[in-house]
Structure formats: C-alpha cells, structure tokens
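A.B. asks: Below: one structure in structure tokens.
No value in this document is a laboratory result; all are computed from the given coordinates. What you see is a predicted model, and the numbers here were worked out from it, not measured in a lab. Ideal geometry is used to build each Cβ from the backbone, glycine not excepted, and the neighbour counts take in all protein chains shown.
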Amino acid sequence: MKKLIAAAVASSMTAFAMADISITGDAKYEYDHTETAAGVKSNTGNTEMHINFAGKTGDTGVVAKFELDTSGDNGSGIDLEDMYMTTKVGDINVKAGNWATGTGALLGELDNGSRAQNKIDLRTTIGGATIYAGNSDKEAAEATYNDSDAYDGDTLLNGNMYAGVVMNVAGNTVEFKKVSNTQDAFGIKGSLQGINYRYEALDDSSSTPGDADFFEISTTVNGITLGYAAIDTDVNSLVTEDDSSLFAVSFSKSGVVATDATEQQQVSVSTVVDGTTVTLKSGEIEKGLSSSQNMDYMQVKASRKLASGATAVVTYTDRDELNSSVIGSNENLEIELNVAF
C-alpha cells in the first residue's frame, strides 16, 4: 500500500511539473487624499491585487489574470481581466481570447486598448517583417444580429477586422495598420544619438473625420532624463486612453478633462537622488476645462525600493479645476506601497 501511495504522489508531481505552470502577480495599498477647488476634502484607501496564472505545453500556452480589489472600477470583489491562449499553426502565431493592449503598443497613448471577449490575433514573419491580422472589437447589441441573447460580447467580424505590418527601417521600428474599415494608423520609434523618439498618427474617415497625433521625445544627460510628450487631435473622441502612465493627467479622463479638449503638451524631468527616483511633470491641456479655458497641471512623484522588497511611491498632483466658472486648484496626494512577485 505504501508503494502504491508513493507511486501516486510521484505521478501527480510529475504531471504538475510537465504542465509548466507558473503563478505571478502584484499587490498594492493606496491612500488617497484630495481637496477640490470648492474646498471639499476626501480621504480614501484601496487594496488591489493581481494574480496571474500561466500554463504551457509545447508551443501552446494559456493565461488567466484576476484582479482582487476593494473599491475598483468594477466594484469590490474578483474580476477576471485577461483570459487567452497562444499557439502556433505552422508558421502563424495565434492569440485568442480576452486581453488589453498596453500604452506601449501602436496608438497606445491614443486608444485605451480595451478588453473584448473572443478576440483573435494572427501573426507571422516574412523577410524580417511581421505581418498580422485579427479582430479586437465586440458587437453593440445581439438583437441586431437576430440572436436570442440581448448581449453576450461576441466578437463582430464585419467591419472590425484589423491588419498591419511591423518592420525595421534604418534602425527604426515602423508600423502600418488598418485599424478598422474607417481608421488607418502609422507609427515610428527609434533612437538617434542618444535621443529617443516615438510618433504615432491615427486617421479617421468616418462621419466625424479627423486626425490624431501622439509624439514623445526623451534623452538622458548626466543622470537626468528630460522628456517632452504631446497629443494633437481634430476630434476629441479619437483619443480614448484614460489611464496613461506617461501623462500626469490623462487626456480623456472622464469627469476630469472636458470633452472639448484638442491638444496636450507636457515636459518632464526625472533623476535618482540617494536611491529615490524623483520625477517632475508639468503640462497643459488645451480646452481641458471648457471650450474656452485650458487646464494647467503639475505633478511630483517619488519612488523608492525598500529593504523589505516592497516599493513606496508618493505622488502629488495639482491641476486646474472649475468652481462656479472660476478656475481653482484640485490637489491630490497619493501614497502607495506595492510589491511584485
């Protein structure tokens, strides 16, 4: 009997090891103090954690990312954020499921890269260039397509397919993308003599046509990193990213920036002082308060790795805010303790 039990345990451990399963994640606690232009004060706290499960066998992998939050956008509890699989079919890399694209992707600072169920992305490399196609949108209402359910988030293939190519041109990463049947995008990023640059453009030919551009440039001199970033759009609705880590105030932050906003400029300075990374950002959003009033803002952020393995981050942001049509100040202090594992 002991031999049978030992064999069973050994068999289960071997199966677990062969499955190539990993668990990673991060967690943070935030204290947030805000004082509005009208003098209203608020103090809040929030605990948030991400648990990522990944499994792999051969060329096929699966990923599930859970968010545990006490007061997040989806309310308290557990939210399944990413859930997708990756595999290969011949020379084609396949990614299918639900995931969000980051701000570092093409149009990342213009589009929020939102999640949608049952997305698919196909990629292959030909002559050094990556060619891709897929779908990243979901239908608005099932009733339109004669299904019994009112809505189930199925991916709509008609009109929402995308395709593009990424290539190296003279040391630069260049990308062309057909975003949808009404939008085209272009991006280029690289470095020249110590100056890093990134430019992205979106062209929309729909019933409310317009262009949107994003530009970033940075360099490091004597341990000090200097940066400049800007957004310029003909139509405010073309910019939907509302959780940027580059801009101190996101261009399309609902309830913060007016829908009349058309342009944003920001300069930044960052350096390390005795092990603490200090970053200063200052910028302006044209028509950020109203159709005739701009928004100015300033942010100071200090981040330090602690001996315990955690990181302490203190962020102070001061931005313009309207109070009975008079421009006042909205001040926010955020103290965060985070850790990744």
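A.B. asks: Determine ³J(HN,Hα), in whole Hz, for all residues of segment 51-60 in sequence, where each value follows from phi through the Karplus function 6.51 cos²θ - 1.76 cosθ + 1.60 and θ = phi - 60°; x replaces Gly and Pro.
C.D. replies: With the stated coefficients, segment 51-60 comes to 10, 10, 10, 9, x, 8, 9, x, 8, 10 Hz.
A.B. asks: So who's got an amide H within less than 5 Å of the one on N112, skipping anything under 5 residues away but keeping other chains? H placed 1.01 Å off N, in plane.
C.D. replies: Result for N112 returns T240, E241.
A.B. asks: Right, next: What is the spin-label model distance, in nm, from T125 to Y228 if the labels are put 7 Å beyond Cα along the C-beta direction?
C.D. replies: The modelled label-to-label distance comes out at 3.5 nm.
A.B. asks: Determine the gain in length on full extension of the stretch F341-V273; use 0.36 nm per residue of separation and subtract their C-alpha separation, reporting nm with one decimal.
C.D. replies: Once the chain is fully extended between F341 and V273, it gains 21.9 nm.
A.B. asks: Mean shadow of segment 208-341, computed from the convex hull of its alpha carbons, in nm²? Don't jump to the answer; show the numbers that get you there.
C.D. replies: On the way: hull surface 39.4 nm².
For segment 208-341, the mean projected area of the Cα convex hull comes to 9.9 nm².
A.B. asks: Right, here's the next one. Report the extension gain between T173 and S245 in nm, rounded to one decimal, defined as 0.36 nm multiplied by the number of residues separating them, less their alpha carbon distance.
C.D. replies: Details: separation 72, 0.36 × 72 = 25.92 nm, distance 2.18 nm.
Additional length available on full extension: 23.7 nm.
A.B. asks: Same structure, new question: Just to compare against my own numbers: the Cα pair-distance distribution for the chain, 20 Å bins, whole % per bin, please.
C.D. replies: Once binned at 20 Å, the Cα pair distances of the chain give 23, 56, 19, 2, 0.
A.B. asks: Further question: May I ask you to evaluate 6.51 cos²θ - 1.76 cosθ + 1.60, the Karplus curve with θ = phi - 60°, for each residue of segment 271-278 and list the ³J(HN,Hα) values in order in whole Hz, giving x for glycine and proline?
C.D. replies: Each residue of segment 271-278 in turn: 7, 10, 10, 6, x, 10, 7, 10 Hz.
A.B. asks: Mind pulling the angle between the C-alpha long axis of helix 2-18 and the longest principal axis of the chain? Nearest 10 degrees, somewhere in 0 to 90.
C.D. replies: Compared with the principal axis, the helix lies near 40 degrees.
A.B. asks: Counting other C-beta atoms within 10 Å, which of S292, S329 has the fewest, and how do the rest follow?
C.D. replies: By the 10 Å Cβ count, ascending: S292, S329.
A.B. asks: I want to check the label-to-label distance for D59 and Q293. Put each point 7 Å from Cα in the C-beta direction and report it in nm to one decimal.
C.D. replies: 5.9
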